[in-house]
């Protein structure tokens, strides 16, 4: 059942699919697939209006973003740089970790997951890092096997270091900083973020309503301008969402893409539709932004395996895209 709750949100106005240039009949036909493919929430905003909303349980709820958390963290790094609290992406991480960190590694290498540490594919060290008595030391003690900036390896350990850097730079937790700079100004209903010793988990752990996640995507579509208030610089959005490394662009099934500053990037040549960027969480949690189509899509899915994320991609590229009139 396609529904919409909290229609009084002034930042996410409801419209009909037709008013947003979407084929309502085509969207209705996809609904039987949502249960079959184990979706839990699907939202489509176009032109700044919420044109379609579906929830497995009939209403929106706070739920884990998993690794979509990384894209929110990236925006906070951008804000801290704009405020002069972090020098810039070329700042060595040794400024924050001293002699424990290799001075060759810069903030941009953490953002692009090209720090060069020995970190096997698909985050294989993540569970050990999380179980460690000292997660920061666990990451920094990894052997450097590639020149920083030269090789991509998906690494939530580097994301956690970014959360530590942010906390040291701004003097409060990532959640508190996000609340004051983004969540409150954008009218988010609720946010939770797992933490340990005052540090929010960098690679995952954030929980939001699906509607609020859609609004975060809308902020990027609007180049950081939130109804007359600049919350994030347009330059940061451009820099963070463009590809900095080919990353997993050739991975099969094609659920990933190239990598920016903790955002994935998929060109039209890769997806057959349009250039877009997206936040991605394990198993098929997706926040996708396609500027040329003025499109923001949120897909949340039950975790049934890494490659089952292909159903989220198919939902967007084969069904939602084809509904655009």
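Every number in this text was worked out from the coordinates using simple rules, so none of it is lab data. Small disclaimer: the values here were computed from a predicted structure and weren't measured. Cβ atoms come from the backbone with ideal geometry, glycine included; neighbour counts cover every protein chain shown.
Please identify, among 67, 230, 173, the residue showing maximal mean-square fluctuation in a Gaussian network model of the chain using a 10 angstrom Cα cutoff.
Result for the chain, Cα springs under 10 Å: 230 fluctuates most.
To the nearest 10 degrees, how steeply does helix 69-82 sit against the main Cα axis of the chain, on a 0 to 90 scale?
The angle comes out near 70 degrees.
Testing the spin-label approximation: label points 7 Å from Cα along Cα→Cβ at residue 62 and residue 19. State their distance in nm.
In this crude spin-label approximation the distance works out to 3.0 nm.
Would you calculate, for the chain, the mean residue ellipticity at 222 nm contributed by helices, counting each DSSP H stretch of 4 or more residues as -39,500 (n - 2.57) and dividing by all residues, to the nearest 500? Mind dumping the intermediate values first?
Values: 12 runs with 97 residues, N = 325.
Roughly -8000 deg cm²/dmol at 222 nm, from the helical runs in the chain.
Tell me, in nm to one decimal, what length is gained between residue 310 and residue 87 on full extension, where the rule is 0.36 nm per residue of separation less the Cα-Cα distance? Working shown, then result.
On the way: separation 223, 0.36 × 223 = 80.28 nm, distance 3.86 nm.
Going from the current span to full extension adds 76.4 nm.
With springs connecting C-alpha atoms under 10 Å apart, model the chain as a Gaussian network and identify which of 309, 133, 174 has the largest mean-square fluctuation.
133
Which of 70, 57, 108 ends up with the largest GNM mean-square fluctuation for the chain, with Cα atoms connected below 10 Å?
57
If you compute Rg and Dmax of the Cα atoms in Å for the structure shown, which of (1) 26.1, 91; (2) 19.5, 55; (3) 19.0, 61 do you land on?
Answer by label: (3).
If R0 is 51 Å, what FRET efficiency do you get for residue 94 and residue 38 from their C-beta distance, rounded to 0.05? If you can, show how the numbers build up before the last one.
On the way: r = 44 Å, r/R0 = 0.87.
The formula returns an efficiency of 0.70 here.
Order of 147, 56, 99 from fewest to most other C-beta atoms within 10 Å?
Numbers: 147 11, 56 17, 99 8.
So the ranking, lowest neighbour count to highest, is 99, 147, 56.
How much FRET efficiency would the formula 1/(1 + (r/R0)^6) give for residue 302 and residue 118, where r is the Cβ-Cβ distance and R0 is 41 Å, rounded to 0.05? Let's see the in-between values first.
Numbers: r = 33 Å, r/R0 = 0.80.
E(calc), rounded to 0.05, equals 0.80.
Fewest to most neighbouring Cβ within 10 Å: what's the order for 114, 167? Spell out each step's value before the answer.
Values: 114 25, 167 21.
Ranked by crowding around the Cβ, least crowded first: 167, 114.
Calculate how steeply helix 24-36 sits against the longest principal axis of the alpha-carbon atoms of the chain, using the helix alpha-carbon long axis, and give the answer as 0 to 90 degrees to the nearest 10.
Helix 24-36 and the main axis of the chain meet at about 60 degrees.
Over the stretch 1-146, what is the relative contact order in whole percent, taking alpha-carbon pairs under 8 Å and six or more residues apart? It would help to have the intermediate numbers written out before the result.
Working: 132 pairs, mean separation 23.9, N = 146.
Over the stretch 1-146, the number comes to 16 percent.
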